[in-house]
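Novice: Pasting in a structure now, in structure tokens, and then I'll have a few things to ask.
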Amino acid sequence: MKKLLLFTVLFSVLVSCSAKKQIEEAISHGNYDEAISEALRKLENNKDKKRKQDYVVMLQDAYYKVLEEDLQDITHLEKDGNPEQYKTIYNLYLDLEARQNAIKRVLPLQINGKNLEFQFNDYSSQIVDYRYKTSDYLIGQGITLLDSDDKYNARKAYDIFNYIESINPNFEETRSLLEEAHQKGTDYVSVAIVNHTNQLLTQQLEAELIDFNTYGLNQFWTEYHANIEPSMVYDFAMELQLKQINVSPERINERQQLRERDIVDGWEYVTDRRGNVMKDSLGNDIKVDKIVNVKARFFEVIQTKSAQVVADVVYTDLKYNQIVDTFTLDSGFTFENIFGRYRGDARALTNNNDKRLLRQQQLRFPTDEQMVYDSGEDLKLQLKNILKSYRLNG
């Protein structure tokens, strides 16, 4: 027990030494916030214990060093007067306030029984001032980018407006600017089907094949339109070019097997050579099971029909009238139905699979159009997987 206690104490000392060394190294390398975070973590519990005094000293040391560093940076940047630095100054003031609040949560702290005083300042006025200066400067940048009528600039503008919205909600109507930037930065893609096969497709089937709306293909900066809007200027065209539609003939194949077994079919008297019924020791007539051999021919019937649709997905940049990408999709669908029938004595059928197939019925074969439609559903799932990982805008 004493050995275990000694080991526990030694382990605790080693852990403590390692933590102190980590904080000291962070301070020596100028990573003051890392040192403060680690010291605060150590002071969350039992902060008044003597063994925690070193953490209090290191916390104070790191705090004043980073405070001096941040205030010097702010003074320099404010003297420079460059609006590009407003966001940096704003973030520095946020850091100053957040650091103070983190330390306040563990106060009071003591050194040798005396409360330790920390120099805290009220930065609320500066934070508000630079929040508005940052917002005002950035919104001008965003509007300039938005007015350039370039999609990539519109996306940059969106990021700027989104940041402004996060620090200064609806400043100068940023929400409407966000909506405008998203609209201008989005690639609009028209979707169409082109039939390069020799088969005629009904309008309904064509519509089904390009109905992607329920498949969630739209991305944040890409919007697909299967129903073309005449007033819309499209950036890209996506064509589903059908190359082959193959539908097999309807096939019915049979496999037949002989089922045979001996069964009990009633009883009969046992007779002697003269034809007299034999008696048992009690004088009763002797009876035995009547065994008969029964046979049946079992037919396993398989109905099959298959369809294949091969298509190319072709992306075209409408601005430059150039093909930018092509994917080939190969989709198939197979209809299969298996049922059973027999000729002969049903009592010969003992196989559970035989009985299951006898409960099945022959089905009507699906039409060619239905087969193509079912293949098209698989085609759309393949297309969905491609488009989920594909980005037009990089």
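Novice: For the range 130-236, which fully contained helices (runs of 4 or more DSSP H) count at least 3 residues that are within 30 Å of Glu369 (Cα to Cα)?
Specialist: Output list reads 203-209.
Conditions tested, residue by residue: (1) open to solvent by 60 Å² or more (accessible area, probe 1.4 Å); (2) under 33 Å from the mean Cα position of the chain (by Cα).
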| site | (1), (2) |
| --- | --- |
| Tyr137 | yes, no |
| Asp147 | yes, no |
| Tyr152 | yes, yes |
| Asn168 | no, yes |
| Leu178 | no, yes |
| Val189 | no, yes |
| Gln199 | yes, no |
| Leu205 | no, yes |
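Novice: Ok, one more. Starting from the range 163-190, take each residue that is at positive phi and list its partners that are buried (at least 18 other Cβ atoms within 10 Å of the Cβ), counting only C-beta distances under 7 angstrom and pairs at least six apart or across chains.
Specialist: Filtered contacts from the range 163-190: Glu172/Ile139.
Results for (1) in a helix (DSSP H, G or I); (2) at pLDDT 95 or above; (3) closer than 30 Å to Lys133 by Cα; (4) basic (Lys, Arg), shown as yes or no for each residue.
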{"residue": "Asn46", "(1), (2), (3), (4)": "no, no, no, no"}
{"residue": "Lys52", "(1), (2), (3), (4)": "yes, no, no, yes"}
{"residue": "Val57", "(1), (2), (3), (4)": "yes, no, no, no"}
{"residue": "Asp61", "(1), (2), (3), (4)": "yes, no, no, no"}
{"residue": "Leu67", "(1), (2), (3), (4)": "yes, yes, yes, no"}
{"residue": "Asp73", "(1), (2), (3), (4)": "yes, yes, yes, no"}
{"residue": "Leu77", "(1), (2), (3), (4)": "yes, yes, yes, no"}
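Novice: Return the residue satisfying two criteria in turn: it lies in the range 295-324 and is under 23 Å from Arg391 (Cβ atoms) and open to solvent by 50 Å² or more (accessible area, probe 1.4 Å), and of such residues it is nearest to the chain's Cα centre (by Cα).
Specialist: Val324
Novice: What are the residues in the range 21-31 that are open to solvent by 40 Å² or more (accessible area, probe 1.4 Å) and outside any loop (DSSP other than H, G, I, E, B), if any?
Specialist: Correct list: Lys21, Gln22, Glu24, Glu25, Ser28.
Novice: Under 9 Å between Cβ atoms, at least 6 apart or on separate chains: pull out the pairs that start in the range 374-388 with a residue that is within 14 Å of Leu205 (Cα to Cα) and touching a residue at least 60 places away in the same chain (Cβ under 8 Å) and end on any residue that is open to solvent by less than 50 Å² (accessible area, probe 1.4 Å) and part of a helix (DSSP H, G or I).
Specialist: Close Cβ pairs (under 9 Å, with a partner that is open to solvent by less than 50 Å² (accessible area, probe 1.4 Å) and part of a helix (DSSP H, G or I)) amount to Gly376/Leu205; Gly376/Leu209; Leu379/Leu209; Lys380/Leu209; Lys380/Tyr215.
The values are calculated or read from the model by the stated rules, or taken from the named source; none is laboratory data. All of these numbers come straight from a predicted model, not from anything done at the bench. A quick note on method: Cβ atoms are made from the backbone with ideal geometry, for glycine too, and the neighbour counts reach across all protein chains shown. Please note that ligands, DNA and RNA were not included when accessible areas were found on the heavy atoms of the full protein model with its side chains. Shrake-Rupley method; radii C 1.70, N 1.55, O 1.52, S 1.80 Å.
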